[in-house]
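Chemist: Here it is: the structure, laid out below.
Any read-out appearing in this document is the output of simple, stated calculations on the displayed coordinates, not a laboratory observation. None of the values given here were measured: they were computed from a predicted structure.
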Amino acid sequence: NWGATPDSPVYLTVGRVASEKNMQLLFRAWEKISECQPDARLVIVGDGPERKRLEAEWPAAHFAGAQRGEDLATHYASADFFLFPSITETFGNVVTEALASGLVVLAFDYAAPKKFIHSGQNGFTVPYNDEHAFLKAAISLTEKEADWSALRKAARETGLELSWEKILEGFANDLADAVAQQK
């Protein structure tokens, strides 16, 4: 469906296809990745106001539209890497979903990535809104592809440890810490 072979690395992003999700950085990263890995595939799950324009501009990318339930889980399970260039998240559920799916995640160091990714151990983060660092890290994903098994395993373990109860407990603890610091 994506034109991928069993050896083609698949890069996935999931979310609203809109300018506030930093789609221009996603495609700049994709240009660099595809130069290094011509057989790689980019899959975009989601819908939004930029989808039609981006589909016309990037015909090699696979726009899967909005997916839910088992179909969404299949998209995660069929990918290798997760690119998350957004700088407007309040949390970033898709990051925790990608971790639980054992994907190699690249994101900015804030929101869910900051809380759950230990860069180099279970994914990769770069300084917030540092586009140069994001592009450099995207290229490094193509160079280190040989054996990601330990990182994928750690990502999956991180994702499986998360539950809404733990997330809410962590949020409550963060609020209590913030109140205590203001006193």
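Chemist: Anyone know which of Gly48, Gly159, Gly15 comes out most mobile in the 10 Å Cα GNM of the chain?
Modeler: Most flexible of the set in this elastic network: Gly48.
Chemist: Further, regarding this structure: Compute a Gaussian network model of the chain, connecting alpha carbons closer than 10 Å, and tell me which residue from Leu42, Leu168, Leu26 fluctuates the most.
Modeler: Leu168
Chemist: Here's another thing I want to ask about it. Between Val10 and residues 5 or more places away or on another chain, which pairs have amide H atoms under 5 Å apart, with H built 1.01 Å from N, and which residues are they?
Modeler: It is Arg41, Asp80, Phe81, by chain and number.
Chemist: Once phi is turned into ³J(HN,Hα) by the Karplus curve 6.51 cos²θ - 1.76 cosθ + 1.60 with θ = phi - 60°, what whole-Hz value does each residue of the range 122-130 show in order, with x for glycine and proline?
Modeler: So the J values, rounded to whole Hz, are 10, x, 9, 10, 10, x, 3, 6, 8.
Chemist: May I ask which of Lys52/Lys136; Lys114/Lys183; Lys21/Lys136; Lys52/Lys166; Lys136/Lys166; Lys32/Lys52 have a Cα-Cα span longer than 31 Å here?
Modeler: Working: Lys52/Lys136 28 Å; Lys114/Lys183 26 Å; Lys21/Lys136 19 Å; Lys52/Lys166 38 Å; Lys136/Lys166 33 Å; Lys32/Lys52 23 Å.
Long pairs (Cα-Cα over 31 Å): Lys52/Lys166; Lys136/Lys166.
Chemist: May I ask you to compute the full-extension gain from Ala133 to Asp39, defined as 0.36 nm times their residue separation minus their alpha-carbon distance, rounded to one decimal in nm?
Modeler: 31.5 nm
Chemist: Which one of Ala56, Ala73, Ala112 has the biggest mean-square fluctuation once the chain is modelled by GNM with Cα springs under 10 Å?
Modeler: Among Ala56, Ala73, Ala112, the largest GNM mean-square fluctuation belongs to Ala56.
Chemist: Extension gain Ser163-Ala180, at 0.36 nm per residue separation less the Cα-Cα distance, in nm?
Modeler: Details: separation 17, 0.36 × 17 = 6.12 nm, distance 2.56 nm.
Contour length minus Cα-Cα distance gives 3.6 nm.
Chemist: Here is a further query. Could you give me the ³J(HN,Hα) list for the range 31-38, computed from phi with Karplus coefficients 6.51, -1.76, 1.60 and θ = phi - 60°, whole Hz, x at Gly and Pro?
Modeler: My calculation for the range 31-38 gives 4, 5, 4, 5, 5, 7, 10, x Hz in order.
Chemist: Want the number for Thr88 to Glu31: 0.36 nm per residue separation, take away the alpha-carbon distance, what's left?
Modeler: 18.3 nm
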